[in-house]
Amino acid sequence: MNDFVLQGFLKYLVGLVIVVLLTFLPAGTVHFWNGWLFLGVVFVPMAVFGIVLFFKAPKQLKNRLDTRETLFSQKMVVVCSAMMFIAGFISSGFSFRFRYGRVADWLSVFAAVCYLIAYLFYVKIMRENPYLTRTVTICENQQIIDCGCYSIVRHPMYAVSIVMFLSMAVMLGSWICLLIFLCYPILIVNRVIEEENFLRANLEGYSDYQKRVKYRLIPFVW
């Protein structure tokens with residue numbers, strides 16, 4: 001258990017340090033208020049939820065900490081997501097530093113509110129589906145979840161993550177960052193298609209679930 005706690009803490013700390021560097025170094029100053037808004041809105045709830053999971057559902061937290069993909073195509077999705085993330089943060093810092101492509105302050109605050117609302121749905125979805133992982137895989141004794149958000153779309157976590165990522169870009173105050181982060185929905189669509197192929201082939205009852213719940217990410221759209 002000590003190793004598990006250490007792994008979670010180190011991942012959180014490394015992620016925080018990387019984001020701080022990517023946020024404030026390109027901006028050339030610590031007086032980048034969008035950066036502080038981002039850190040507060042993203043990392044504080046993340047820490048609180050991580051602590052709650054540790055005490056209430058440690059197995060689920062352990063699943064979320066495992067990011068080792070086995071499928072080559074999904075490893076490429078992870079790499080592309082990381083590149084998008086880095087490019088977006090650097091562009092937001094430069095946008096603040098050289099005063100171009102800036103988002104109105106009120107819109108950044110509004111995006112922060114949208115992110116927090118989406119995060120509440122993220123927590124709800126985590127409670128509904130104890131088998132959620134960050135990788136395309138099947139957990140031991142996994143069952144079909146078709147209640148709550150999963151009765152509306154088959155991949156509510158991915159739908160919420162799109163809202164969260166796009167909110168991040170606006171929170172950081174850069175239209176250029178938002179344009180870069182628009183790559184994320186494309187990556188998610190690719191991941192959903194491959195994950196559904198995997199689940200249909202390996203998870204009993206998933207084909208029937210697809211028939212009951214017709215939409216993947218957006219009701220009446222896709």
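Bear in mind that the values in this text are calculations on the coordinates, not laboratory data. If you're wondering where the values come from, they're calculated on a predicted model, not measured in any experiment. Glycine also receives a Cβ, built like all others from the backbone with ideal geometry; neighbour counts cover every protein chain displayed.
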Please compute the modelled spin-label separation between Q210 and S151, points set 7 Å along Cα→Cβ, answer in nm with one decimal. 2.3
C80 versus L203, label points 7 Å from Cα toward the beta carbon: distance in nm? 2.2
Tell me which of G35, P185, F98 sits at the most positive position along the dipole axis of the chain, charges placed on C-beta atoms (Lys, Arg +1; Asp, Glu -1). F98
Which of these, F89, F24, F98, has the largest mean-square fluctuation under a Gaussian network model of the chain (Cα springs below 10 Å)? F98
Relative contact order, percent, of the stretch 129-222 when contacts are C-alpha pairs under 8 Å separated by at least 6 residues? 43
What ratio of Cα Rg to 2.2 N^0.38 Å holds for the chain? 1.06
Let me understand the stretch 74-125 better: what is its radius of gyration from the alpha carbons, and its Dmax, in angstrom? 14.6, 40
FRET efficiency for R97 and N190, using Cβ-Cβ distance with R0 set to 22 Å, rounded to 0.05: 0.10
Efficiency of FRET between L39 and L120 - r from beta-carbon atoms, R0 22 angstrom, step 0.05: 0.70
Using a Gaussian network model of the chain whose springs link C-alpha atoms within less than 10 Å, name the residue from A169, A111, A47 with the highest mean-square fluctuation. A47
Tally of Lys pairs whose C-alpha atoms are under 25 Å apart, taken over the chain, 8 or more apart or cross-chain: 12
For the chain, calculate the relative contact order in percent as a whole number, restricting contacts to Cα pairs under 8 Å that are 6 or more residues apart. 27
